[in-house]
Structure formats: structure tokens, C-alpha cells
Amino acid sequence: MENLDGFQTFAWVVLNSIARARNAIYLDTNAWSLLAKGEVPAEPLEKWAKANGCFLWVARMQVAELAARREIVEMLASLLERVGVLLLDRDQNEFTGLPWHQVPIPLQQFLRLSTQELKEEFIQQFTVTMEPARQQLERDRATFKTWLDQALATIPPDDRRDWSTFSRRLESWIRYKCMSNGRELNEAALHNPECYVGLRLSYAVLFVRYVLNRQTWQDGDYLDYLHAADMAYARVVVTERNMAECIRQAIRRPELTGPELVVDTSWLREPH
């Protein structure tokens, strides 16, 4: 059963590329935690995923975040005895400027922990091996907050805080991110909503929160920003309520493409 599930999952990823069909379900770490703790049963989600030709996707950053607490990792390992997921990571390949369905995926690993040895290896890898990644996340969070505070401080008081400024700000953001990562901008992709989709959606979340709504910084905002970059590639996104609303607002914009269904974690109890 494990091999069949793994083969089917990889087949769905291939279909994702060929047919330009999003078929991944992306759960944020709050959703994974609810499932791992058993506060929400996994069976309704599994059933919905199979009925709708989707697979469960966990990204490297999610694993690093979840691995901060060993007891959560142990509960997640128990969950993955029953539920298969695809560990999938595009690394920095979005900077190629290719359409989202053509962005190379260097890491694809099907996970179902069917033996005690696999569970123990999983726990070891994601409590010890991931420690440097967690530490780097904390450093990056502090750097990001400093940058964000400085960027918001440069917005003139009389600047319009509505969607009319979004297109030019988004273009500047994509240029800035390519330059700061030492990557050449793909000019042909700059105005194509199917390219740089993660950069577009992650920026849109920042725009909704800090430009439109003038929200103040929360400690989880940096991780939400990272989540959004991956969420752009999914068909279904399950996240907390504020984040879900930000994404639903953003994907109405013609400059973006993204998930078809964005819901809060209550959806897990009765997917539809």
C-alpha cells in the first residue's frame, strides 16, 4: 500500500506539471499540529483528498517549524504511520521566472512511516538535524522585521493605502527580491501572473496586512510570509482565519494566481 500511495502521489505531481492543474493540499503548521495531537481526525481529510485527486504536501520550512517541540514531532510521526504525505521543496527555483507548473522541484520524497525504525529515524532527523534550520529561521525573522519596519517607515503619510498602488509595489518587490538574491530578473515573466507566483502571493499577504489594514507586527508574521510563498502552488490551503482572509483577498487580483480553495482549520472536521 505504501508503494502504491507513493507512486500515485508522484503521478499527481507529474499531472500538476503537464496539465497545469494544482492538486496539492497545503496545511499550515497549526493544521498539522491539530491533526498530530488528534484534536481533529485525519480520516475526513484523507477521504476528501482521495475523492478529489489531491495529495498532502509538507514543505521543508513547515517541518523545521514543527520540529521545535519533540512531543509534536513524535505525535506527527504517529500520524504519518497512517497518512502518507509528500515532502516537496522547490528551493530557490522560483527565481528562474518560469511558469509555476514548470518550476523545477529538486526535493520530492514520499513519507509514510510504516515501521518503528522509520518513525525513530524521522524523529531523530527532525529534532536534531533540523536544529540549525530552526536557528536560522529565528535569525531570518529578526532581519525580516527590521527590513519591514524600515520599508513601512518610508511610505509617505499621504500615500494611498488601497489596491491602486499594488501593481507598482508588486513589480518593485519582484525586482528587489531577484536583485537581493543575486538572480537576474526574467523581464518577460514580470507581468505574467503565472510566474513568480510565490513572490506575488507572499508580497500580497504583506500588502493586505501592513499597507491596507495597517496591522502591527506579530511574531508569527514571518512564518506566514514564508508559508504564503508555498501556498501559491497548492490547490487547497488550510490555515488560520486571518491568513485565509488575506489570501482570499489577494487572489482576486489579476496580478496573481493561487489556490482554488482557502479555508480555516475548522474545515478539517468536515471537508467539502
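The values are calculated or read from the model by the stated rules, or taken from the named source; none is laboratory data. What you see is a predicted model; the values in this text were computed from it and never measured. Neighbour counts are summed over all protein chains in view; Cβ atoms, including those assigned to glycine, are modelled from backbone coordinates with ideal geometry.
Here are some notes:
- Residues of segment 124-150 satisfying the condition of being among the small types (Gly, Ala, Ser) and surrounded by fewer than 14 Cβ atoms within 10 Å (Cβ to Cβ): ALA142
- Residues of segment 57-96 satisfying the condition of being part of a loop (DSSP other than H, G, I, E, B) and more than 23 Å from LEU223 (Cα to Cα): VAL83, GLY84
- Taking the criterion of being in a loop (DSSP other than H, G, I, E, B), polar (S, T, N, Q) and in contact (Cβ under 8 Å) with a residue 60 or more places away in the chain, the residues of segment 138-195 that qualify are ASN181, ASN186, ASN192.
- Evaluation of VAL197 against (1) over 30 Å from LEU79 (Cβ atoms); (2) at pLDDT 95 or above; (3) touching a strand residue (DSSP E or B) at 6+ places or on another chain (Cβ under 9 Å) (one fails), failing number: (1)
- Within segment 204-219, considering residues that are farther than 17 Å from THR239 by Cα and either among the aromatic types (Phe, Trp, Tyr) or in contact (Cβ under 8 Å) with a residue 40 or more places away in the chain (or both), the one surrounded by the most Cβ atoms within 10 Å (Cβ to Cβ): PHE207
- GLN124 being of a type outside the set (A, V, I, L, M, F, W, C), in a strand (DSSP E or B) and within 30 Å of PRO41 (Cα to Cα): no
- Residue list for segment 45-85, filter: polar (S, T, N, Q) and either surrounded by 21 or more Cβ atoms within 10 Å (Cβ to Cβ) or farther than 14 Å from PHE122 by Cβ (or both): ASN52, GLN62
- Test set (1) under 21 Å from ALA59 (Cα atoms); (2) touching a residue at least 40 places away in the same chain (Cβ under 8 Å); (3) small (Gly, Ala, Ser) - ALA228 fails condition number: (2)
- Across segment 246-272, the qualifying residues are those that are in a helix (DSSP H, G or I) and touching a residue at least 24 places away in the same chain (Cβ under 8 Å), and the one among them that is nearest to the chain's Cα centre (by Cα) is ILE247.
- Which numbered condition ALA234 fails, given (1) closer than 19 Å to LEU86 by Cβ; (2) surrounded by fewer than 21 Cβ atoms within 10 Å (Cβ to Cβ): (2)
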